[in-house]
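What follows draws every value from the coordinates through simple rules; no lab data is involved. All of these numbers come straight from a predicted model, not from anything done at the bench. Here the Cβ positions follow ideal geometry from the backbone for every residue, glycine too, while neighbour counts run over all protein chains shown.
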Amino acid sequence: MSDKKLWAGRFSEPTDAFVEAFTASVEFDQRLAPYDIQGSIAHATMLARQGILSETERDAIIGGLLRILARIDAGEFAWSVALEDVHMNIESALTDDIGIAGKKLHTGRSRNDQVATDVRLWLRAELIDIRIALRRLQRALLDLAEREADTIMPGFTHLQTAQPITFGHHMMAWFEMLERDHGRLVDCAVRVNVMPLGAAALAGTSYPIDRDFAARELAFDRPAENSLDAVSDRDFAIEFAAAASILMMHLSRMSEELIIWSSAQFGFVTLSDSFCTGSSIMPQKKNPDVPELIRGKSGRVFGHLMALLTLMKSQPLAYNKDNQEDKEPLFDTVDNVKGSLKVFADMVPAITCHRDAMRAAALKGFATATDLADYLVRKGTPFRDAHEVVGRAVAHCVQQSCDLADLSLQDLQRFSPTIDADVFDFLTLEGSVAARNHVGGTAPSQVRAAVARARERID
Ligand code: ARG
């Protein structure tokens, strides 16, 4: 293949060898090849329809592009750094293959609108894959929530035991976090699906192009309104990176909880051996590597968001070479989000819940203190006074190293004479969770109803 630069006309000296490698993007943007070819086929089809290319030229171009795609897929395409990027590699190979017609493909187009179109086509496809992976994880969480709808564990605030909750309810909290992430991805896809093609270098083109036709060919919702904005806009990339960052932040929080829960000190869950590794020195160790790595990967994705924001913040209109730097952060974000979602979804069904350990933990830490206060309120004590009474009962238990439910009725009545034997219905863990029986509450029946509603929402 000829390495002759497609823009060599006005140059009299060759490119410095290091500069050539420094400015090239082909090593990473070759990933856009299928979308570059898809965009070129639509462009050539439009040009022929408008009489700018002949039908013979169009057919030669499309045939040549498809042969190039087959060579790329087969790993037989020789990428050239001297040809800088995916666009010029493909165009040069096309001309090598079909001759003069190949040189006409770039009529009425620039790499500036071409690359912006390619990245949008690529991200549109990746967004679909990410949403499928996210849904798979959500379904796994719904199954787990249903399985553990009755499992009682301590709920925490400040990582101190607060009130009893059900494990299923906790899983449904994770589900809701991810549901908002899904919504953000759907929303982002709307702004991704706008076509830059036709903006050419920055000002549009003097050829009688039909942008609506090209947009329909490529299944874009519409052509971008303004040519300067079309070649320069990377909001869609930043928006995606922001949605991906929030998603990774959620996965990181979920990972953190799994890491804590699987420690010997908590012992709430066991992760399957296939998602853990051992230590090379400590024979007893089983480390929760997968959640730890996902927690760690959130950092690089946040970094990519910051990189993209900084990339754009001082750019004057329209295209600047800076924009070539959008690709690696985007590619890496997609790879890590997809990987993290896949492994998390694989891991969830294999989580073993230690119901006894969770229950024992919920019995410690006075998780039902609020229930006792609520009980007193129902018997006519104002809430602030009830709070005070229960506080004194808890202080007594701390001194005696026992739980509220361990106190006898007589003991309890020393704190408030309004307490009757029925108090024990409220001091039990089951009574406590069952009482929170409203939409969004932790009662097992509410968890089951929430799971059922969620299944409908995501179908
Ligand atoms: N490789 C370039 C990029 O990724 C393609 C566009 C180049 N345009 C230009 N005017 N140099 O942004």
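Across the stretch 382-424 the C-alpha pair distances fall into 10 Å bins from zero in the proportions 29, 59, 12 percent. Rg and Dmax, both from the Cα atoms of the stretch 32-187 and both in Å, are 25.2, 76.
Neighbour counts of C-beta atoms inside 10 Å place C188, C397, C402 in the sequence C402, C397, C188, starting with the fewest. Over 29 Å apart at the Cα level, from the set K4/K313; K5/K321; K103/K338; K104/K321, are K4/K313; K103/K338. Residues in the stretch 346-357 carry Karplus couplings, in order, of 5, 6, 4, x, 9, 7, 9, 9, 9, 4, 5, 5 Hz; the curve used is 6.51 cos²θ - 1.76 cosθ + 1.60 with θ = phi - 60°, and Gly or Pro positions show x. When +1 charges are put on Lys and Arg Cβ atoms and -1 charges on Asp and Glu Cβ atoms, the dipole computed for the stretch 108-207 relative to its Cα centre reaches about 500 debye. Each residue of the stretch 162-177 was assigned a 3J(HN,Hα) from its phi angle through the Karplus curve 6.51 cos²θ - 1.76 cosθ + 1.60 (θ = phi - 60°); the sequence is 10, 9, x, 9, 9, 4, x, 5, 5, 4, 6, 5, 4, 4, 5, 4 Hz, with glycine and proline shown as x. Here the chain is treated as a sphere whose radius is the Kirkwood value from Cα pairs; by Stokes-Einstein at 25 °C and 0.890 mPa s it diffuses with a coefficient of 93 µm²/s.
Give the value in nm², to one decimal: projected area of the alpha carbon convex hull of the stretch 395-457, averaged over all directions. Numbers along the way, then the final one.
Details: hull surface 22.2 nm².
If you wrap the Cα atoms of the stretch 395-457 in a convex hull and average its projections, you get 5.6 nm².
Going by the alpha-carbon gyration tensor, a ≥ b ≥ c the square roots of its eigenvalues, is the stretch 4-81 rounded (a/c under 1.5) or, if a/c is not under 1.5, prolate (a/b greater than b/c) versus oblate? It comes out oblate by the Cα gyration axes. Note on the chain: antiparallel DSSP beta bridges, both residues inside, total approximately 80 percent of the bridges counted. Amide H to amide H, with H built 1.01 Å from N, T277 comes under 5 Å of N287, D289, counting only residues 5 or more places away or on other chains. Residues in the stretch 35-47 carry Karplus couplings, in order, of 7, 4, 5, 4, x, 5, 5, 5, 5, 5, 4, 5, 4 Hz; the curve used is 6.51 cos²θ - 1.76 cosθ + 1.60 with θ = phi - 60°, and Gly or Pro positions show x.
Compute the Rg/Rh shape ratio of the stretch 221-335: radius of gyration over Kirkwood radius, all on alpha-carbon atoms.
Working: Rg = 20.0 Å, Rh = 16.8 Å.
On the Cα set of the stretch 221-335, Rg over Rh gives 1.19.
Pairing the Cα long axis of helix 289-313 with the longest principal axis of the chain, what angle in degrees results, from 0 to 90 and rounded to the nearest 10? Around 50 degrees separate the two axes. For the stretch 1-107, the list of GluC sites (Glu not before Pro) that fall in a loop by DSSP and count at most 11 other C-beta atoms within 10 angstrom reads E76.
Hey, what does the equivalent ellipsoid look like for the stretch 127-280, semi-axes from the Cα gyration tensor as sqrt of 5 times each eigenvalue, largest first, whole Å?
Working: eigenvalues 432, 47, 39 Å².
The three semi-axes for the stretch 127-280 are 46, 15, 14 Å.
Convex hull volume per residue, computed on the Cα atoms of the stretch 308-459, equals 243 Å³.
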